[in-house]
Amino acid sequence: MLKTNASVAIVNDHILLRNGLVNFIRGLETYAILFEANNGKDFIKQLLPRYLPDIVLQDINTPERDGYETALWLKRNYPGIKILALSQYDNEHSIIRMMKNGSKGYILKDIDPLQFRRALDSLLRKGFFYSELITGKLIHAVSQLNESEEALKSIVSLNAREIDFLKLVCSEMTYKEIAEKMFLSARTIDGYRDALFEKLNVKSRVGLVLFAIKTNIVNV
């Protein structure tokens, strides 16, 4: 059952878009707007420990303190707040970076209103929402990664080179740059990637990053 009047803070410097989001959320019985902010700096200034939002709808591109920095700050100071990233970018780097910094969901600015409602509901019910940007296989992997680190390591045995590769996958380096860093050919790197996709039962770089974070192969 969803929490009644779950509070939402909106961080977005585009007034027209922000007003539209505010009006839409106010029309939902189970949600209430706690406050609005132009950017991360403004958001942190308005944040009160006694009145924390349940969800922060965080635009990635905001001036002064962007979504990446704000999400990381929240992760370190108020990890219980669920961050729903809002972006016009659907590339893997943006998704990975926001998730590493604590985002529990990622949606695009042209999202359908009903899907937006589902995103909010999913954050409260399940604790995460990743829409069609992340495959069903990856969602399954997320649920499996709630297991303990030792349980995961007993399921999947990784060699040293695969672990080195996973660490680099969690950076913002391209696969070509990873190949150069590991002194390997691009074809060999593709082989590592495809083998891990099959071994970990995921279909994207995001899935590899989630596994590496959850099993503490990388610390963020």
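Name the residue, out of K75, K41, K100, K82, that is open to solvent by 20 Å² or more (accessible area, probe 1.4 Å) and either without any contact (Cβ under 8 Å) to a residue 24 or more places away in the chain or closer than 18 Å to K126 by Cβ (or both).
K82
Considering (1) outside any loop (DSSP other than H, G, I, E, B); (2) within 23 Å of the chain's Cα centre (by Cα), say which one R187 fails and leave the rest.
Checking R187 against (1) outside any loop (DSSP other than H, G, I, E, B); (2) within 23 Å of the chain's Cα centre (by Cα), the one that fails is (2).
Step by step: first the residues of segment 182-220, then only those that are of a type in the set (D, E, K, R) and without any contact (Cβ under 8 Å) to a residue 40 or more places away in the chain, then the one that is nearest to I163 (Cα to Cα). Which residue is that?
Across segment 182-220, the extreme among qualifying residues is R193.
Out of all the residues in segment 206-220, which are open to solvent by 10 Å² or more (accessible area, probe 1.4 Å) and either modelled with pLDDT of 80 or more or not in a loop (DSSP other than H, G, I, E, B) (or both)?
Residues satisfying the conditions are L210, F211, I213, K214.
Considering only residues that are aliphatic (A, V, I, L, M), in contact with a helix residue (DSSP H, G or I) (Cβ under 7 Å, 6 or more places away or on another chain) and closer than 19 Å to Q88 by Cβ, which ones fall in segment 10-29?
If the condition is that a residue be aliphatic (A, V, I, L, M), in contact with a helix residue (DSSP H, G or I) (Cβ under 7 Å, 6 or more places away or on another chain) and closer than 19 Å to Q88 by Cβ, then I10, V11 are the ones that fit.
Table: residues versus (1) farther than 19 Å from K104 by Cβ; (2) touching a Lys or Arg at 6+ places or on another chain (Cβ under 7 Å); (3) of a type in the set (F, W, Y); (4) modelled with pLDDT of 95 or more.
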{"position": "I10", "(1), (2), (3), (4)": "no, yes, no, yes"}
{"position": "L16", "(1), (2), (3), (4)": "yes, no, no, no"}
{"position": "G20", "(1), (2), (3), (4)": "yes, no, no, no"}
{"position": "F35", "(1), (2), (3), (4)": "yes, no, yes, yes"}
{"position": "D54", "(1), (2), (3), (4)": "no, yes, no, yes"}
{"position": "T62", "(1), (2), (3), (4)": "no, no, no, no"}
{"position": "G67", "(1), (2), (3), (4)": "no, no, no, no"}
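Being more than 17 Å from K75 (Cα to Cα), open to solvent by less than 10 Å² (accessible area, probe 1.4 Å) and not hydroxyl-bearing (S, T, Y) narrows it down to one residue among A32, A6; which is it?
When all the criteria are applied, what remains is A6.
The values are calculated or read from the model by the stated rules, or taken from the named source; none is laboratory data. What you see is a predicted model; the values in this text were computed from it and never measured. Using ideal geometry, Cβ is built from the backbone for each residue, glycine included, and neighbour counts are taken over all protein chains shown. Side chains included, ligands, DNA and RNA excluded: accessible areas come from the protein's heavy atoms. Shrake-Rupley method; radii C 1.70, N 1.55, O 1.52, S 1.80 Å.
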